[in-house]
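The values are calculated or read from the model by the stated rules, or taken from the named source; none is laboratory data. These figures come from a predicted structure and were not determined experimentally. In this analysis, Cβ positions are derived from the backbone assuming ideal geometry, glycine residues included, and neighbour counts consider all displayed protein chains. Accessible surface is based on the protein model in full, side chains and every heavy atom, while ligands, DNA and RNA are left aside. Shrake-Rupley method; radii C 1.70, N 1.55, O 1.52, S 1.80 Å.
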Amino acid sequence: MLDIGTKAPAFTLPDQDGNPVSLSDFAGKKVVLYFYPRDNTPGCTRQACAFAGAFAEFQKRGVVVIGVSKDSAASHRKFADKHSLPFLLLSDPELTAIQAYGVWQEKKNYGKVSMGVVRSTFIIDGSGVIEKVMPKVKPDANAAEILAYIEQQS
């Protein structure tokens, strides 16, 4: 997992409509980049809906919200439509950004060990440097914790 003060790894990934999106597209803006395991699972849905609920507050502060998982763009489109998600969802089936940010890790679930995305959030400042790292976040609290952090910085 990357550390605070590290230059955020660049990436270009397709969004839920298949359009290429690069981190550099948001130069000069604060970016909340959150990695999650899978569309339409209970925790991931709660997390995405919490970000959707707080989206106006993020927008008011000029903060970009981007969710990333290894699901396809088509899966992201269905997920976004079903839950009225107003922010970008990026598809990373090749694990390009997922591995670059160090969130592809060994996970244990009911004694079974497998590799997967560890739910993690990075706040990237306007110059592309990681300002805050939040590993193993709680789906329901993540958006509120980030807003509280951003308000403290203001």
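Mind putting together the pair-distance distribution for the stretch 14-84? All Cα pairs, 5 Å bins, whole percent per bin, short to long. With 5 Å bins starting at 0, P(r) equals 3, 15, 26, 26, 21, 8, 1.
Taking packing as the residue-averaged number of other Cβ atoms within 10 angstrom, the listed peptides 102-108, 30-36 run from highest to lowest as 30-36, 102-108. Full extension of the chain between N109 and S24 yields a length gain of 27.0 nm, computed as 0.36 nm times the residue separation minus the alpha carbon distance.
After finding the eigenvalues of the alpha carbon gyration tensor for the chain, what semi-axes result from the square roots of 5 times each, listed largest first in whole Å?
Details: eigenvalues 89, 63, 55 Å².
That gives 21, 18, 17 Å for the three semi-axes.
Ordering 1-9, 87-95 by mean Cβ neighbour count within 10 Å, with the highest value first, yields 87-95, 1-9. Bins of 10 Å, beginning at zero and ending with the bin holding the largest distance: percent of Cα pairs per bin for the stretch 47-124, please. Over the stretch 47-124, the share of Cα pairs per 10 Å bin runs 17, 43, 34, 7, 0 percent.
How would you classify the stretch 114-154 from its alpha-carbon gyration tensor, with a ≥ b ≥ c the square roots of the eigenvalues: rounded for a/c under 1.5, else prolate if a/b is greater than b/c, otherwise oblate? In terms of gyration-tensor shape, oblate.
Counting heavy atoms of the protein chains only and a 1.4 Å probe, report the per residue accessible area for the stretch 7-154 as a whole number of Å². All intermediate terms of the calculation are to be shown ahead of the outcome.
Numbers: 7090 Å² over 148 residues.
With all protein chains present, the stretch 7-154 gives 48 Å² per residue.
Using a 1.4 Å probe over the heavy atoms of the protein chains, calculate the carbon and sulfur portion of the accessible area of the chain as a whole percent.
It is 51 percent, rounded to a whole number.
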